[in-house]
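Undergrad: The structure under discussion is supplied below as structure tokens; questions concerning it will follow.
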Amino acid sequence: MAFDQQTGTASLRKEVVDSVIKGRADATYKFKQAVTISKTNAWKNTFFREDTTVLSGATGNATKGIPRGAAFPQAIVTWEEVSKRIEKYGLEDFILWEDILTNDIDVQRRTMFRIAEGVVKAVDDEIWAVLTESQSPSSIQSVTIAGTDFWHGASAAIIDNLMNAKQLIGEQNYDTSNLMCFISERDHRSIVDWLADKGSQFPTVGSEMARNGRVGTLAGIKLVVSNSVTASYALVVVPKVVGTWKQAVALSTDVEVDPYKGTRIRSVEMGVTQLTDPKAAVLIIGTQD
């Protein structure tokens, strides 16, 4: 079949478009559940990233054993200033008037779904890139899987890899009771297959995607499947702590009718991701061979 037909039905209304697109987006966002949503009206957004090292006294002036009447050891909290500018995301489509009158399939609804999907995917891609530092860990932590221990191999040690990430986050004094791990579809398949070989553990992870990509829990870590995840990587984070989505404009839609010619549907979102707590993220490297 040729994909050369435009979209349309006779009852197009802005509120209907809003409902369809936002409803679709709410169930599709994967990475927004990992970050805190914070509104902003500034183009340039600055935040301060705190050093997570536990404070202690300087050498020769320890926290423990202060002599009677002696001065207390000094401990200094340090911060790094980080600035980022708002980014704009959007898509649109123009529905021909003739198709509004005569189409035989519900391509209007499908187009609205795809517009929402495109904007959501672009936002998710950006959040993934920021939280993983474009898969080049510098401030965040990382776990590199040995060459023969990739997740679909006979020597896979998936739970140990996840627990390694959990350990690293815990050692930075973050709460590890509600961690999330973002994985690819290929690695989801590997995990389900690996668990099936373990027998009784299989039911802990489903084979079907749920709302927002959540597919189950493994080693106390919620698994989320996303096509924004780069092949051979997984990301474990402390949700709502690791970063912030500075939202200038929430996902919004606009509808404009050009009488007897067609209808334009447009969707937009504006915001930027801030990696506020890099030590609350661990990039797992080498999940695939």
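The values are calculated or read from the model by the stated rules, or taken from the named source; none is laboratory data. Everything numeric here is computed off the predicted structure, so don't read it as measured data. Every residue, glycine as well, gets a Cβ built from its backbone with ideal geometry; the counts of neighbours run over all protein chains shown.
Undergrad: Test of understanding: among VAL215, VAL229, VAL224, which residue is hydrophobic (A, V, I, L, M, F, W, C), farther than 20 Å from VAL82 by Cβ and in contact with a Lys or Arg (Cβ under 7 Å, 6 or more places away or on another chain)?
TA: Only one candidate qualifies: VAL224.
Undergrad: Of everything in the range 201-217, what is surrounded by fewer than 20 Cβ atoms within 10 Å (Cβ to Cβ) and either outside any strand (DSSP E or B) or at pLDDT 95 or above (or both)? Give them in sequence order.
TA: GLN201, PHE202, PRO203, THR204, GLY206, SER207, GLU208, MET209, ALA210, ARG211, ASN212
Undergrad: Does the range 1-56 hold any residues that are part of a loop (DSSP other than H, G, I, E, B), of a type in the set (Val, Ile, Thr) and either modelled with pLDDT of 75 or more or within 25 Å of SER139 (Cα to Cα) (or both), and which are they?
TA: THR28, VAL35, THR40, THR52, THR53, VAL54 - these are the residues of the range 1-56 that are part of a loop (DSSP other than H, G, I, E, B), of a type in the set (Val, Ile, Thr) and either modelled with pLDDT of 75 or more or within 25 Å of SER139 (Cα to Cα) (or both).
Undergrad: Let me ask another. Return the total of residues in the range 218-231 being aliphatic (A, V, I, L, M), under 13 Å from LEU162 (Cα atoms) and assigned to a loop (DSSP other than H, G, I, E, B).
TA: Of the residues in that region, 1 qualify.
Undergrad: Then there's this: Go through the range 259-288 residue by residue and tally those that are within 14 Å of VAL237 (Cβ to Cβ), in contact with a strand residue (DSSP E or B) (Cβ under 7 Å, 6 or more places away or on another chain) and in a loop (DSSP other than H, G, I, E, B).
TA: Number satisfying all stated conditions: 1.
Undergrad: A follow-up question, please. For the range 75-86, indicate whether the set of residues that are modelled with pLDDT of 85 or more, part of a loop (DSSP other than H, G, I, E, B) and exposed (fewer than 11 other Cβ atoms within 10 Å of the Cβ) is non-empty.
TA: No; the residues of the range 75-86 include none that is modelled with pLDDT of 85 or more, part of a loop (DSSP other than H, G, I, E, B) and exposed (fewer than 11 other Cβ atoms within 10 Å of the Cβ).
Undergrad: Moving to a separate point now. Here is a list of conditions, (1) over 15 Å from VAL238 (Cα atoms); (2) assigned to a helix (DSSP H, G or I); (3) modelled with pLDDT of 95 or more; (4) assigned by TED's automatic domain parsing to the domain that holds ASN212, and MET163 meets all of them except one; can you say which number that is?
TA: It is condition (1) that MET163 fails.
Undergrad: In addition: Considering every residue within the range 106-114, establish whether at least one is more than 23 Å from VAL237 (Cβ to Cβ), assigned to a strand (DSSP E or B), assigned by TED's automatic domain parsing to the domain that holds TRP43 and of a type outside the set (Ser, Thr, Tyr).
TA: no
Undergrad: Select, from LEU101, LEU168, the only residue that is touching a strand residue (DSSP E or B) at 6+ places or on another chain (Cβ under 6 Å) and in contact (Cβ under 8 Å) with a residue 12 or more places away in the chain.
TA: After ruling out the rest, the residue left standing is LEU168.
Undergrad: Of everything in the range 51-91, what is touching a residue at least 40 places away in the same chain (Cβ under 8 Å) and either under 22 Å from the mean Cα position of the chain (by Cα) or within 30 Å of VAL268 (Cα to Cα) (or both)? Give them in sequence order.
TA: VAL82, LYS84, ARG85, ILE86, GLU87, LYS88, TYR89, GLY90, LEU91
Undergrad: Right, something else. How many residues does the range 177-200 hold that are in contact (Cβ under 8 Å) with a residue 60 or more places away in the chain, more than 16 Å from the chain's Cα centre (by Cα) and outside any helix (DSSP H, G or I)?
TA: 0
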